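Values in this text are rule-based calculations from the coordinates and carry no lab data. Note that the structure is a prediction, hence the values are computed from the model and not measured. Methodologically, a virtual Cβ is constructed for each residue, glycine included, from the backbone with ideal geometry; neighbour enumeration extends over all protein chains shown.
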Amino acid sequence: MLVDTLKTELELEVWERLDLVPDPELDEPITDMGFVEAVEVCDAKTVTVEFRLPTYWCSPNFAFLMALGIRKEVMSLPWVAKATVQLNDHCFGDEVNEGVNSGRNYNAVFAQYCDGADLDEVEEKFAAKAFDRRQETVLLGVRELGHSPEDIVAMTLGRLQRIEFRGEEELRQKPRYLELLTARGLAVRPDDLAFPDWNGDPIEAEALAEHLGRLRSTRINMEFNGAMCRGLAKTRYKEVKIGPDGPTLIDFVAGRVPPREGSAARS
């Protein structure tokens, strides 16, 4: 049995890894969205993470991607030998849990439902949106510092890395943008352009305003979806009384399902 102090320290390490798992549609950490319900370190090698989504019918491909992300990040901790992910209160929860924890891929689990849809294509689509949202913040931050359109589109990765922002959102998004930029291979060397589009093409100075307008539309759409998800989650999980036999489908529809008792709260 783990000593309470060690258990708490290990759980905090898990939470830190969960901060790196985004909602694929919103590009916001699932921890910030309030999706993580409980973290349990059973011993020094075994971890269970429970999470829930804003509605009973949230898209299973979103749920699957988040569950995969949770398992990947938890398993990246050197002391973890086994990680179990549990999606609660979802119409495809059993399928998601079985697939992610057994190592079966999305298409194998949802063959009868996905009509041949490729989860990689879904992930690529949301990665592109995340890139746009992060790039807009960094671009606007650079412009706010007085850089001209010509200077911005010619800026190299090395120069961008040296820029020091003061705004909270710019400080948050700059490392996230750089991470995705380099992971995608869009800019790797210090003399690579810092602001290509998602396809790797350079942006012309005269097209920068139009490019920013497109990025703004992407951000507004994502922010709207994020606000809606937070509202749905707040309504769904508000504290109310449920009948002695547990929640019914009507309880889910009416938003009457409260958080589980005894869920691990983050310190």
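When only the Cβ of Lys, Arg, Asp and Glu is charged (+1, +1, -1, -1), the dipole of the chain relative to its Cα centre reaches about 460 debye. Calculated [222 nm] ellipticity per residue, helices only, for the chain: -16000 deg cm²/dmol; basis is -39500 (n - 2.57) per DSSP H run with n ≥ 4, divided by all residues, nearest 500. The stretch 121-225 has equivalent-ellipsoid semi-axes of 19, 16, 14 Å, by the square roots of 5 times the alpha carbon gyration tensor eigenvalues, sorted largest first.
Tally the DSSP beta bridges in the chain and give the antiparallel ones as a percent, rounded to 5.
On the way: 8 of 14 bridges.
Of the beta bridges lying entirely in the chain, close to 55 percent run antiparallel.
Full extension from Thr8 to Asn107: what is 0.36 nm times the residue separation minus their Cα-Cα distance, to one decimal in nm? Walk me through the numbers before you get to the answer.
Numbers: separation 99, 0.36 × 99 = 35.64 nm, distance 3.69 nm.
Gain in length upon complete extension: 31.9 nm.
Ranking request for peptides 57-67, 221-231: highest mean number of other beta-carbon atoms within 10 Å first, then the rest in descending order. Show your work: numbers first, answer last.
Details: 57-67: 20.9, 221-231: 14.5.
Packing order, densest peptide first, comes out as 57-67, 221-231.
Put simply, the amide H of Ala38, placed in the peptide plane, has neighbours under 5 Å in Glu50, leaving out anything fewer than 5 places away on its chain. Between Glu40 and Glu124, the C-beta separation translates, for a Förster distance of 51 Å, into a calculated FRET efficiency of about 0.95. A simple spin-label model places pseudo-atoms 7 Å from Cα toward Cβ; at Glu169 and Asp192 they are separated by 2.6 nm. Taking every Cα-Cα distance in the stretch 4-117 and sorting them into 10 Å bins starting at zero, the pair-distance distribution P(r) comes out as 14, 48, 30, 7, 1 percent. Straightening the chain between Lys82 and Asn199 buys 38.4 nm, computed as 0.36 nm per residue apart minus the Cα-Cα spacing. Seen against the Cα atoms of the chain and their longest principal axis, helix 168-183 is set at about 90 degrees. Translational diffusion of the stretch 67-165 was estimated from the Stokes-Einstein equation, with Rh taken as the Kirkwood radius over Cα pairs; at 10 °C and 1.306 mPa s the coefficient is 92 µm²/s.
Judged by the mean number of other Cβ atoms found within 10 Å, the most tightly packed of the peptides 144-151, 12-19 leads the ranking 12-19, 144-151. Here the translational diffusion coefficient of the chain follows from Stokes-Einstein with Rh set to the Kirkwood radius across Cα pairs; for 20 °C and 1.002 mPa s it amounts to 104 µm²/s.
About the Cα centre of the stretch 112-224, how large is the charge dipole given +1 on each Lys and Arg Cβ and -1 on each Asp and Glu Cβ? Please answer in debye to the nearest 20. Can you show the working numbers first?
Details: 16 positive and 24 negative charges, 96 e Å.
That gives the stretch 112-224 a dipole magnitude of about 460 debye.
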